[in-house]
1. Extension gain B:A171-B:E196, at 0.36 nm per residue separation less the Cα-Cα distance, in nm?
2. Past 21 Å, Cα to Cα, is the threshold; run B:K102/B:K156; B:K30/B:K185; A:K240/A:K270 against it and keep the listed order.
3. Given contacts defined as C-alpha pairs under 8 Å and at least six residues apart, what's the relative contact order of region B:105-273, whole-number percent?
4. Taking 7 Å along the Cα-to-C-beta vector as the label spot, tell me the B:Q91-B:V37 distance in nanometres, rounded to one decimal.
5. Take every DSSP beta bridge whose two residues both sit in chain B, then give the antiparallel share in percent to the nearest 5.
6. As I understand it, the dipole of region B:105-273 uses +1 on the Cβ of Lys and Arg and -1 on the Cβ of Asp and Glu, about the Cα centre. Which of B:N247, B:G260, B:I189 lies farthest toward its positive end?
7. When the dipole is taken about the Cα centre of region B:2-98, and only Lys, Arg (+1) and Asp, Glu (-1) are charged at their Cβ, what size is it in debye, to the nearest 20?
8. Taking Cα pairs under 8 Å and at least six residues apart, what relative contact order does region B:2-98 come out at, in percent?
Amino acid sequence: MIIKLPRIISLHFLAELLQAIKNQTVQKITFDWLEVKNMADETISFYLSFVSFLEQNKIDLICENELQCTCYQRIKNIRHCNISATHDVCKDIYVATVKTLEEQEQLRMQMKDFFRFCINVGSKDIQPIDTIFSELFMNICQHSDNKNGFVFMPFLYEKNSIVLIMNDLGDGIVNVIRNYFIDKSFTIDANAIQYATVDFVTTKSTKSNQGRGLNILKTIMISLKGDLQIYSAKGLYEIKEGKEILSTLPYQHIGTLIKVEILIENLPQKEVDDFSENIDF
Amino acid sequence: MTILATDLTKSFLSGDDGLKIGRYLVDFFKSNQYNEVATISFYGVDFMTPSFVNGAFLYLIDLFGEEFFKKNVKVIQATNSIAQILRSSIQSYFEYRKEFFKNVKTNTIYCAIDGSAESSHFRRAIYENTQSQEIRFLFNPDDTIFEQNAKNNIIKADVFIGIITATQFIATLVEQINFALQYNKKCLILCKESIELHIPTNIRNTVMISYYNNRSYYDRLRSVNELILNKKVPNLQTQDNSQGTKNANDVLLWTLLGAGAVLLLSALADEQKK
């Protein structure tokens with residue numbers, strides 16, 4: 001089967017495509033858009049992850065319009081220079097897109113569609129994933145000082161697990177933490193990442209941001225017995241089976257990459273929620 | 001009064017979404033002279049992030065403190081999961097503040113009072129107030145001459161607070177602030193609202209000035225905490241952080257100034273009750 005890529009690629013389309021690839025009915029994908037002439041960086045980022053995904057699945061992406069080949073080439077070149085590390089980390093993984101904070105709600109809803117379409121979560125509650133997604137997204141938008149990033153959200157069929165990967169190409173947690181907490185000495189970069197996961201540690205201080213995002217992520221991952229990896233500079237911070245592991249990477253990671261993996265069976269059961277709770281603090 | 005959250009925001013994801021509620025509640029309390037309980041209904045809201053809670057509620061705790069928050073904010077018609085997020089976020093923030101203020105209290109504040117009868121209330125109340133003994137205050141001498149002992153105290157202190165209750169003492173205060181600035185001390189002036197504060201432009205642009213009145217304690221509290229918060233939070237929209245926070249140590253010192261100011265204003269409130 002040959003699939004022609006639509007001009008606007010929705011998550012819904014990608015979910016369908018993913019299913020087709022899983023069923024091994026796709027040999028090649030073609031495209032012929034004219035709009036890609038002056039692509040924005042974030043558009044390039046999107047296609048980078050898309051191309052990576054196709055290559056991993058041994059599917060050819062063919063540009064049918066010669067005029068567009070230069071753009072396509074540009075995509076491939078960028079991938080091979082500045083995000084090669086990311087690419088290694090993200091193999092086997094699919095896609096989503098890069099959006100602004102304003103479009104976060106829309107993206108979250110699309111993510112739910114993706115779940116409904118691709119994954120049978122049954123009676124499980126996906127709210128923890130929803131929270132992780134929102135907190136991570138805000139982390140990128142508020143802290144990276146660079147809106148350019150990747151969101152990958154695959155479902156790994158063999159392991160019956162959900163993987164969520166976000167990579168921004170900003171300053172990176174390690175640099176930001178080291179510059180802000182100048183009186184603290186972090187022996188290795190992973191120590192700086194670990195410090196960023198402590199509750200209420202923030203480099204943007206208070207008001208509407210209290211530095212809770214990474215701690216919330218860590219808490220959820222421990223409670224769901226999930227795996228967490230945070231890559232930044234030469235640091236790798238992991239949580240595996242509830243334990244923290246700090247290590248040093250053999251390369252310098254650009255920006256910050258956060259990967260979470262959760263087994264569907266570990267998600268909590270969905271409870272019937274009514275609006276009956278009254279709270280005094 | 002019951003406030004329906006969905007009337008104020010349609011999104012419950014980001015801290016900025018939360019601030020729509022937080023700011024509304026601040027106005028609500030102000031307009032009711034801080035006497036009315038705000039009851040917020042989350043009917044119809046099925047998802048909320050902890051970041052939303054920051055803007056909506058932790059912001060209020062920063063402005064008014066735990067006691068006021070516990071007494072004046074109630075939530076109704078929340079789902080189980082939202083109730084859990086609210087309880088855990090707010091509880092951990094209470095605990096965090098307790099720990100943070102322990103660190104703050106290892107620091108020292110130099111307090112320049114102006115020698116008037118009113119300002120001496122501050123000194124007396126601080127000495128009498130057992131809680132305040134956890135923060136070390138160094139006061140200037142009773143006579144208003146700025147001498148070596150006061151200079152030594154300024155050098156020893158981490159931050160500087162000056163209180164102005166009468167115009168004739170402004171010159172002495174300016175002299176002390178100038179000295180403190182030579183040592184890069186962060187400075188705050190608490191100035192009585194009725195006073196016209198004529199100070200050199202270089203000082204006005206460098207120090208924080210909070211005007212207080214004798215009407216409402218919570219108004220004074222909000223005003224000084226808002227000032228500190230703005231100092232701690234650079235304007236992210238314009239990337240203007242020239243006057244704001246540079247690093248974690250700065251945040252600690254701004255917070256120390258805020259905590260000191262709150263203690264002084266509480267002392268004033270206690271004195272007024274007497």
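1. Difference between extended and current length: 7.7 nm.
2. Details: B:K102/B:K156 19 Å; B:K30/B:K185 33 Å; A:K240/A:K270 25 Å.
Distance filter (> 21 Å) returns B:K30/B:K185; A:K240/A:K270.
3. Details: 256 pairs, mean separation 40.3, N = 169.
The value is 24 percent.
4. Once both label points are built, they end up 2.1 nm from each other.
5. On the way: 1 of 27 bridges.
Antiparallel bridges make up about 5 percent of those DSSP assigns within chain B.
6. Of the candidates, B:N247 comes out farthest on the positive side.
7. Values: 10 positive and 10 negative charges, 29 e Å.
Taking the Cα centre of region B:2-98 as origin, the dipole is about 140 debye.
8. Numbers: 128 pairs, mean separation 32.6, N = 97.
Relative contact order, region B:2-98: 34 percent.
The values are calculated or read from the model by the stated rules, or taken from the named source; none is laboratory data. Model, not experiment: these values are computed from the prediction. Using ideal geometry, Cβ is built from the backbone for each residue, glycine included, and neighbour counts are taken over all protein chains shown. All accessible areas refer to the heavy atoms of the entire protein, side chains included, with ligands and DNA or RNA removed. Shrake-Rupley method; radii C 1.70, N 1.55, O 1.52, S 1.80 Å.
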